[in-house]
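Student: Here's a structure for you.
The values are calculated or read from the model by the stated rules, or taken from the named source; none is laboratory data. Please read these numbers as outputs of a predicted model, since none were measured by experiment. When we count neighbours, we look across all protein chains shown, and the Cβ atoms used for this are built from the backbone with ideal geometry, even at glycine. When the accessible area is computed, the model is the full protein with side chains, heavy atoms only, and any ligands, DNA or RNA have been set aside. Shrake-Rupley method; radii C 1.70, N 1.55, O 1.52, S 1.80 Å.
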Amino acid sequence: MADILPSIDLTDAPFCVAVIAIIFNPFFWNVVARWEHRTRGLTKLFGCPYTACYGLGFLIILLNVYRSHSITVAMTSQPKAEVMGTSPVFYCGVVLLVTGSVLVVSSFYALGFTGTFLGDYFGILKEKKVTGFPFSVLDNPMYWGSTANYLGLALMHASPIGVVLTAVVAASYRIAIMFEGPFTEEIYRQKIRCSKNK
């Protein structure tokens, strides 16, 4: 630990930019999705809930690309830790990256574009809850898969600041889940109540 701490600079500008990007993304999509659910503002703007969902989805993808870029810039702007620059650490990073990618890709495949990018907030609801892989293994596999990807990259690059940023990613996703989970469940409870009243 004594070898790692001196290589971490929490005041470095690229680190601060990466932290802002990490925190902003889930905050942004939660605020916009809830606003859409209450007002149907994006649906009115785009003329169709599917077009609106795709528009928001592509914006979220762009924000996530920027977040990943800012994390990479932050990792390259700070020194590597020699103690992390070993083959076992590198291969642990590879395993995390592969595992995370499997979770992210399989989640997207199971949910589809609208299921991944908050379609339920637009009124685009699934017939039933997705319970197959990877949801049979883990709740919120896309979030935790993405976190595993960032940790894998940090270990592969022997980057202490990358590990710190991964912790920020995990914390921001954990907070997002606390808001998203109950809200999404309520959307589906409303659907069930409406179906029973018909």
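Student: Test each condition in (1) aliphatic (A, V, I, L, M); (2) assigned to a helix (DSSP H, G or I); (3) open to solvent by less than 20 Å² (accessible area, probe 1.4 Å) for ALA158 and report the one that comes out false.
Tutor: (2)
Student: Search region 165-191 for residues that are on the phi > 0 side of the Ramachandran plot and pair each with any residue that is surrounded by 15 or more Cβ atoms within 10 Å (Cβ to Cβ) and not small (Gly, Ala, Ser) when their beta-carbon atoms are under 8 Å apart and the residues are at least 6 apart or on different chains.
Tutor: none
Student: If I go through region 43-57 residue by residue, how many of them are open to solvent by 90 Å² or more (accessible area, probe 1.4 Å) and hydroxyl-bearing (Ser, Thr, Tyr)? Give the derivation first.
Tutor: If we filter region 43-57 for residues that are open to solvent by 90 Å² or more (accessible area, probe 1.4 Å), which is where we start, we get 44-46, 50, 54.
Of the ones still in play, those that are also hydroxyl-bearing (Ser, Thr, Tyr) are 50, 54.
Result for region 43-57: 2.
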